[in-house]
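One structure is given here, and the rest of the page talks about it.
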Amino acid sequence: MKNLLNPFLWIILVVVVAIAAVPIVTGDASLRETLFLILMLVVLASSVNIITGYTGYVSFGNVVFFGLGGYFAFYLMQNYQAHFAFAALIGGIGATLVAVLIGVPVLRLRGAYFALATIGINEAMRTFVNSFEPFGGSVGMFFNYEVYNAYGGAKNALWLAYDGIVVVALVTIVASFLIKKSKFGLGLMAIREDQDAAQVIGINPVRSKVIAYAFSAFFPALAGALFFFKNGIIEPNVAFDLLRSIEALVMVMLGGYGTVVGPVVGALVYERLSTLLIIAPPLNLFGMSLGFSQLHLAIAGLLLLIIVLFVTAGFVGWLRQQFPRVRRYLE
Amino acid sequence: MTTATSVILDAQKISKRFGGLLALDQVTFSINAGEILGIIGPNGAGKTTMFNVVNGVYPPQEGKVIFRGEDITGLPPYDVSKRGVARTHQVVRPLGELTVRENVIAGACFGRENLSLTAAGRVADEVIDFVGLSPRKELLASKLNVAQKKRLEMARALAAHPILLLLDEVLAGLNPNEVADMLSVVRKIREQGVTILMIEHLMHAVMNISDRIVVLDYGKKIAEGTPQQVSNNPKVIEAYLGDPKVAQRFLEGAR
């Protein structure tokens, strides 16, 4: 595993740890919430990057695994008083199994058909959970506060959830790096570039894609479990919110698809940008008050349009194109 | 051919239909170890379809493909590749956003030998050197010109250390100097003991380099033999060349 000694990987990890440690040291709960969200987005973006950026299969509905992981874990925590870390792991494994089951037929589709199918899967799952009584149907599920007692109270549980997302984010980045540098990752990129040529070289495309899809399901499921553990409530419209996966794709495109650090940068920039827009004072135009908070999605859309038209490779991809010498260091 | 030579590939009565079109009609041929077998024929004769049947891109409706004694009919391309069959494509298919070296590493590590990335890297460096792409190793494959892309196709196929190499028009679109270079590469590959099945339109080249030639026309095999035999075959001259002047040039090319 000489790849684990790569200085580039360690630089990202150190930076992430350094930022993530700030609220733990200062005890700043509001910063903790902001960073929880950013780290969660890092996980979502880096995961969808495995199937979309490395393999070239655009997964619009990847949030389905975030929701499923959340639901599986929530169910275990509420009904069996499972420890949140254990529940998250089971949620992750459950979502991964679902990804494999869905992936085997769906990953035979190519291009736009696959992208559309992933949206369909997410919407179908939301509709199903909406009327699935064990998961609380359309009302969802919520904890009574006793669940948090096992962790020394609700306040402590929030900190534990934060520690959890830090660990999950670090593991996701390491996995994303190792996959990219592995033979398996080379196979994924070969499939992205030309699936038919990849087959002729000796790559089994369906098997590789299903494994990639499983990875891109596992980490969001862990994040979902932690997110809903922290919230204490889960409902279908929040768990299977298609917008969340589209935003994750915007982050990947913004940072640079197919790179390791791109989704991390993309998640950070996107989250900061949308927060800025939400808290920005309204603009007075011709006597109309125009709030940016309603506009932040429109601006996200515009941003995506600009990237797709002019900087297809994203920020990190652009750096790699402009300065071939940094390719070796900037993955 | 003497009886001592062993048969590497045996295609038996292959038929392939696309809707109403019979692309291959009961085609039979075989290749012996170490041989270069040329497949020629007019456009649409079924040459590339034959390759696609041999390496598993299409399963044939009838017939069998036997590779080193094993029936590989209908196996998917990645399984055929693992058994030691590599190919190049008529229309080059570089993995554009990967570097030249990464392209060739992919060829080495997923093929017959199933190498690790490190070992594949060493093989790739050798093969890239062999086809003369060393100065462009770290370039993105999409940045190469046509001749270089053809070399890359060749390198990627060779990196798998194949037993049988299928070359689909590797000379098309090259200038005379590039053709000569490529032919010497093909000869060197044969010297390494690789058996070669090649589709080629460039007559003088294919006549010079092949041990034997199979002629396809409208999906049927109309002739088979040494370049001399094939070029003197009236059926070939009539059906394939038609024009006596072209036929004359064809004959000259064979010498």
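The values are calculated or read from the model by the stated rules, or taken from the named source; none is laboratory data. Note that the structure is a prediction, hence the values are computed from the model and not measured. Glycine also receives a Cβ, built like all others from the backbone with ideal geometry; neighbour counts cover every protein chain displayed.
Could you pull out every one of the helices (runs of 4 or more DSSP H) wholly within segment A:100-200 that has 1 or more residues that are β-branched (Val, Ile, Thr) and over 30 Å from A:ALA29 (Cα atoms)?
Because the criterion is at least 1 residues that are β-branched (Val, Ile, Thr) and over 30 Å from A:ALA29 (Cα atoms), the helices (runs of 4 or more DSSP H) in segment A:100-200 that meet it are A:111-130, A:154-181, A:183-193.
Tell me, which residue of segment B:85-106 that is surrounded by 18 or more Cβ atoms within 10 Å (Cβ to Cβ) and touching a Gly at 6+ places or on another chain (Cβ under 8 Å) is farthest from the other protein chains (Cβ to nearest Cβ)?
Applying the filter and picking the extreme gives B:ARG101.
Tell me whether segment B:232-247 contains one or more residues that are touching a His at 6+ places or on another chain (Cβ under 6 Å), surrounded by fewer than 21 Cβ atoms within 10 Å (Cβ to Cβ), at pLDDT below 90 and not basic (Lys, Arg).
no
From the list B:GLY74, B:GLY121, exactly one residue is touching a residue at least 12 places away in the same chain (Cβ under 8 Å), of a type outside the set (S, T, N, Q), more than 10 Å from chain A (Cβ to nearest Cβ) and in contact with a Pro (Cβ under 8 Å, 6 or more places away or on another chain). Which is it?
Testing whether each residue is touching a residue at least 12 places away in the same chain (Cβ under 8 Å), of a type outside the set (S, T, N, Q), more than 10 Å from chain A (Cβ to nearest Cβ) and in contact with a Pro (Cβ under 8 Å, 6 or more places away or on another chain) leaves just B:GLY74.
Looking only at residues that are under 20 Å from A:ILE191 (Cα atoms) and among the polar types (S, T, N, Q) in segment B:49-71, which one is farthest from the other protein chains (Cβ to nearest Cβ)?
Taking the candidates together, the pick is B:ASN52.
One residue is enough: does segment B:70-86 have a residue meeting the conditions over 24 Å from B:THR49 (Cα atoms) and not in a strand (DSSP E or B)?
If we filter segment B:70-86 for residues that are over 24 Å from B:THR49 (Cα atoms), which is where we start, we get none.
No; the residues of segment B:70-86 include none that is over 24 Å from B:THR49 (Cα atoms) and not in a strand (DSSP E or B).
Based on this model, can you work out whether A:THR34 counts as within 15 Å of the chain's Cα centre (by Cα), part of a helix (DSSP H, G or I) and more than 20 Å from A:THR127 (Cβ to Cβ)?
Working: within 15 Å of the chain's Cα centre (by Cα): no; part of a helix (DSSP H, G or I): yes; more than 20 Å from A:THR127 (Cβ to Cβ): yes.
No: the conditions fail for A:THR34.
Do the conditions hold for A:TYR257, that is, is it in a helix (DSSP H, G or I) and either of a type in the set (Asp, Glu) or within 30 Å of A:ASN6 (Cα to Cα) (or both)? Spell out the reasoning first.
Numbers: in a helix (DSSP H, G or I): no; either of a type in the set (Asp, Glu) or within 30 Å of A:ASN6 (Cα to Cα) (or both): yes.
It is false that A:TYR257 is in a helix (DSSP H, G or I) and either of a type in the set (Asp, Glu) or within 30 Å of A:ASN6 (Cα to Cα) (or both).
State whether one or more residues within segment B:131-151 are facing chain A (nearest Cβ under 10 Å), within 17 Å of B:HIS89 (Cβ to Cβ), charged (D, E, K, R) and touching a residue at least 60 places away in the same chain (Cβ under 8 Å).
For segment B:131-151, residues facing chain A (nearest Cβ under 10 Å), within 17 Å of B:HIS89 (Cβ to Cβ), charged (D, E, K, R) and touching a residue at least 60 places away in the same chain (Cβ under 8 Å): absent.
Looking only at residues in segment A:113-144 that are exposed (fewer than 12 other Cβ atoms within 10 Å of the Cβ) and free of Cβ contacts under 8 Å to residues at least 24 places away in the same chain, which one is nearest to A:THR55 (Cα to Cα)?
A:TYR113
Can you tell me which residue in segment A:227-284 is modelled with the lowest pLDDT, limited to those that are surrounded by fewer than 15 Cβ atoms within 10 Å (Cβ to Cβ) and among the aliphatic types (A, V, I, L, M)?
By that ranking, first place goes to A:LEU283.
Go through segment B:187-220 and count every residue that is part of a helix (DSSP H, G or I) and surrounded by fewer than 22 Cβ atoms within 10 Å (Cβ to Cβ).
Residues flagged as part of a helix (DSSP H, G or I) and surrounded by fewer than 22 Cβ atoms within 10 Å (Cβ to Cβ) within segment B:187-220 amount to 10.
Going through B:VAL100, B:VAL57 one at a time, which residue ends up being assigned by TED's automatic domain parsing to the domain that holds B:VAL7 and in contact with a helix residue (DSSP H, G or I) (Cβ under 7 Å, 6 or more places away or on another chain)?
Numbers: B:VAL100 fails: assigned by TED's automatic domain parsing to the domain that holds B:VAL7.
Only one candidate passes the filter, namely B:VAL57.
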